[in-house]
Structure formats: C-alpha cells, structure tokens
1. Between a first residue in segment 1-28 that is in contact (Cβ under 8 Å) with a residue 24 or more places away in the chain and assigned to a helix (DSSP H, G or I) and a second residue that is open to solvent by 40 Å² or more (accessible area, probe 1.4 Å) and of a type in the set (Asp, Glu), which pairs have beta carbons less than 8 Å apart while being 6 or more apart in sequence or on different chains?
2. Which residue pairs have Cβ atoms under 8 Å apart, sit 6 or more places apart or on different chains, and have a first residue in segment 55-76 that is touching a residue at least 40 places away in the same chain (Cβ under 8 Å) and within 16 Å of Glu12 (Cα to Cα) and a second that is aromatic (Phe, Trp, Tyr) and open to solvent by less than 80 Å² (accessible area, probe 1.4 Å)?
3. Looking at segment 69-82, which of the residues that are touching a helix residue (DSSP H, G or I) at 6+ places or on another chain (Cβ under 8 Å) and open to solvent by 20 Å² or more (accessible area, probe 1.4 Å) is farthest from Thr109 (Cα to Cα)?
4. Which of the following residues is at pLDDT 95 or above and either buried (at least 17 other Cβ atoms within 10 Å of the Cβ) or more than 25 Å from Ile98 (Cβ to Cβ) (or both): Leu21, Leu54?
5. Among the residues of segment 96-105, are any in a strand (DSSP E or B), touching a Leu at 6+ places or on another chain (Cβ under 9 Å) and either over 28 Å from Glu12 (Cα atoms) or open to solvent by 50 Å² or more (accessible area, probe 1.4 Å) (or both)?
6. With respect to the numbered conditions (1) modelled with pLDDT of 95 or more; (2) open to solvent by 60 Å² or more (accessible area, probe 1.4 Å); (3) charged (D, E, K, R), which one is the sole condition not fulfilled by Glu117?
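The values are calculated or read from the model by the stated rules, or taken from the named source; none is laboratory data. Computed from a prediction, not measured in an experiment: that's the story for all the values here. Neighbour counts run over all protein chains shown; Cβ positions are idealised from the backbone, glycine included. For accessibility, only protein heavy atoms count, side chains too; no ligands or nucleic acids. Shrake-Rupley method; radii C 1.70, N 1.55, O 1.52, S 1.80 Å.
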Amino acid sequence: MLIKIEAIVREEKFEAVKAALNAIGVNGITVYQVMGCGAQRGYREVVRGVETELQMLPKIKFEIVVSSEEWEEKTLKAIKEAAYTGAVGDGKIFSYEIRNAVKIRTGETGDAAVSGEQ
C-alpha cells in the first residue's frame with residue numbers, strides 16, 4: 001500500500017521538519033512554498049500608512065510518499081514533533097492512499113517505485 005502524506009507547517013519549521021524526516025530515513029520529499037490561513041486568520045500590517053489585514057500567511061508544504069502504515073506512523077510522528085510550537089498556526093497533516101506510482105526511469109510500479117534503492 002502506498003500512502004501520501006501532506007504537511008503544511010510554519011516557514012520557520014522547515015529545517016526542523018526536514019531534519020526530522022532525514023533522521024528517520026525518509027528518502028524522498030517534495031517541498032513547496034505556499035500561502036494559506038486557518039484559525040489564526042492572517043495578521044495585520046501597516047502598508048503605506050494604512051493598516052491592512054493580510055489573510056494569507058506564508059507556509060511550507062511537504063509531500064512524502066511512504067510504502068506502509070508503519071512508515072506513515074513514523075513520518076506523522078516525526079513531523080508533529082518537529083513542527084509543534086503549541087500556538088495557533090502550527091499547521092495540518094493529511095494522509096491518504098495512493099492507487100499507484102511509477103518510477104519513470106525504471107518503469108517500476110507500486111511499492112517498488114518509492115523504495116529507497118537507486
């Protein structure tokens with residue numbers, strides 16, 4: 001079974017989450033700089049002397065594909081611990097099953113497509 005994990009975290013937690021994933025042996029990640037808001041509803045900033053409410057905050061989105069529920073649990077735990085501050089805006093983690101994956105170079109599919117072997 002393949003499982004995709006998407007985590008949206010604070011920008012300042014990028015290095016901590018990346019290090020935590022590396023420490024548990026996660027081989028492949030994709031990272032995006034994204035904008036979003038949740039319960040914190042953005043923030044206020046003065047732009048040209050006018051106070052403006054900015055609804056979207058900069059965040060980091062990680063995408064990881066793992067090959068088992070055991071890896072899913074380890075990955076979720078590592079992200080939660082590394083991204084946690086206890087304040088509103090720490091982020092969210094989503095996981096869901098993937099129907100298939102194909103490694104373009106070799107043509108491998110399924111679990112073999114996401115294995116760590118070169």
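1. Ala20/Glu81
2. Once the first residue is touching a residue at least 40 places away in the same chain (Cβ under 8 Å) and within 16 Å of Glu12 (Cα to Cα) and sits in segment 55-76, its partners that are aromatic (Phe, Trp, Tyr) and open to solvent by less than 80 Å² (accessible area, probe 1.4 Å) give Ile60/Phe14.
3. Our first condition is that a residue be touching a helix residue (DSSP H, G or I) at 6+ places or on another chain (Cβ under 8 Å); within segment 69-82, this holds for 74-75, 78-79, 81-82.
In the following step, the residues that additionally are open to solvent by 20 Å² or more (accessible area, probe 1.4 Å) were identified as 74, 81.
Working: Lys74: 23, Glu81: 32 Å.
This residue is Glu81.
4. On the way: Leu54 fails: at pLDDT 95 or above.
Result of the check over Leu21, Leu54: Leu21.
5. Residues of segment 96-105 in a strand (DSSP E or B): 96-98, 102.
Within this subset, residues satisfying the condition of being touching a Leu at 6+ places or on another chain (Cβ under 9 Å) are 97-98.
Subsequent filtering for residues that are either over 28 Å from Glu12 (Cα atoms) or open to solvent by 50 Å² or more (accessible area, probe 1.4 Å) (or both) retains 97-98.
Yes, some residue in segment 96-105 is in a strand (DSSP E or B), touching a Leu at 6+ places or on another chain (Cβ under 9 Å) and either over 28 Å from Glu12 (Cα atoms) or open to solvent by 50 Å² or more (accessible area, probe 1.4 Å) (or both).
6. (1) is the only condition that Glu117 fails.
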